[in-house]
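None of the figures in this text is laboratory data; all of them are computed from the coordinates on show. Because the structure is a prediction, the values reported are computed rather than measured. Quick reminder, even Gly has a Cβ in these numbers, built from the backbone with ideal geometry, and neighbours come from all protein chains shown.
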Amino acid sequence: MAKPKSEEWPRTVAFGAGRIRIAKRSNGCFALTWREMGATQRTTKSGEKNALGWAEQKARELDGASGRQWVHAGEGEALENLRRIAGSEEGAIRRLLDDVRDARKWLDGHADLTTAARWYAEHGPLKVERTTAAAAIARFLAEYKHAPDATRKTFTQELTAWLAVDGNESRMLLDIDEEHLKAWTSRKVGEERPAPRTHRNRITTWVTFFNRARDWKLLPESGKHAAELLRKPVIPDAGKEIFTVDQGKRLLAAVREKEPKLETYLLIAGWLGLRPSEIQRLRWQEEGGLKDGGFEWDRGYLHVSVRVAGKNSSERYIPVDPRLLARLKALFLASPKKATAKCCGFRSREFLSVLARENGICEEWPTDVLRHSFCSYRIAVVKSLEQVATEADNSPAILKSNYRKPLREEDGIAWWDLLG
């Protein structure tokens, strides 16, 4: 038996003519693929040891299997029942039996399969609806029908191009893995590799799409999905762009006059420095609430919980300027939503960038401009990279090299004075 040479994925387990390819999924499971009877077969296993053991056994079977029959005399009725349960797709019965065998191993005699499945359906932490990638993409693009032209065009071009090339309308959303997306997002433009920004935009599109699919319970809530596992290319530093105090003043005025619903996002991003993904998950809920963190009005802190921070960030408490706290509490009290509702609406950042461009505040919305502005002006006031790094959840070195634009103390004071 040939052994995998390294810890890298995907791997291939081979025995004679039998070959099983194993890829690691974002949810911690392992996708196994092989050729049998002229067709590609797939199954999913949980646990590395389980996946490798199953692959070794299957590779041996493939090497020695020639002309074997699934059904012997008298088993026709059982086969018909299996077909009705598994479906008519080639290889469906084999995959069903593999799944049943693995499920029984996990149960280890504690319950029958039906009882276990019913319990999980009623109490399980994840209830994922299986759907095709094509259906999920159609739903996603429909939601962005009225988005800004640039955003809608970027998403539509990337996802419809994938549909045209993939050509498999029955491909399930859960079957799109990291390896597939890595190859697709790095595809050539003509004869050339994509520019770093193009490559990055492609990955961002898939991250946004998969994030939305997770919101719809089409992907598991825990763990990273396939798009989050992709490494974004580094874009050459064009300088750390932040808003000037004048731009911040004009943006606040434009929001309050024309799009008041965007003020909460603007204040949290520009004066507390949260990442857009964190703001999207943040809820108003006060101290003593659920697991989503929120504002502690009496103590003057924003609690960024583990759930809000996400897998790549850290739980933290951010001190809130009294002027900012008062304004945010007023916005909360004026909101018809309950305390556990999310602070900001979906796509707030995109709508804010459109507003800024339409009002001549900036020609293009710089990447992470509000977070960079917060870090730069905050450092100018407190004069501590370490403190701001803790508040922004980053290292002092990264903050200095990638976020901070040197400013005078009076610049920082003027930025916070915009709060009134």
- Message: Given the options Ala356, Asn27, Leu218, identify the residue whose Cα lies farthest towards the positive end of the charge dipole of the chain (+1 on Cβ of Lys, Arg; -1 on Cβ of Asp, Glu).
- Response: Asn27
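Using the Cβ atoms and a cut-off under 10 Å, what net charge is assigned to the surroundings of Asn201, where Lys and Arg are +1 and Asp and Glu are -1?
+3
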- Once both labels are modelled 7 Å past Cα along the beta-carbon direction, what's the Arg101-Ser222 spacing in nm? 2.7
- Message: Give me a comma-separated list of calculated 3J(HN,Hα) values for segment 314-321, in order, Karplus coefficients 6.51, -1.76, 1.60 applied at θ = phi - 60°, integers in Hz, x for any Gly or Pro.
- Response: 10, 5, 6, 10, 10, x, 10, 3
- Have a look at Leu274, Ala147, Ser88 and report the one farthest towards the positive end of the charge dipole of the chain, computed about the Cα centre with Cβ charges (Lys/Arg +1, Asp/Glu -1). Ser88
- Note on the structure: Lys and Arg at +1, Asp and Glu at -1: neighbours of Ala150 with Cβ under 14 Å from its Cβ sum to 0
- For segment 57-64, just list the computed ³J(HN,Hα) in residue order, Karplus coefficients 6.51, -1.76 and 1.60, θ = phi - 60°, integers in Hz, with x standing in for Gly and Pro. 5, 5, 4, 5, 4, 5, 5, x
- Note on the structure: Long-range amide H partners of Met172, meaning residues 5 or more apart or on another chain whose placed amide H is closer than 5 Å, are Ala133
- Item | Computed log₁₀ I(q)/I(0) - Debye formula, equal Cα scatterers, no solvent, segment 183-325, q 0.08, 0.11, 0.14, 0.17 Å⁻¹ | -0.31, -0.59, -0.90, -1.15
- Query: Where the Cα atoms of segment 367-420 are projected onto their three principal axes, how long is each span, largest first, in whole Å?
  - Reply: 30, 24, 18
- Query: Per residue of the chain, what 222 nm ellipticity follows from adding -39500 (n - 2.57) for every DSSP H run with n ≥ 4, rounded to the nearest 500?
  - Reply: -15000 deg cm²/dmol
- Dividing the Cα convex hull volume of the chain by residue count, how many Å³ per residue is that? 193
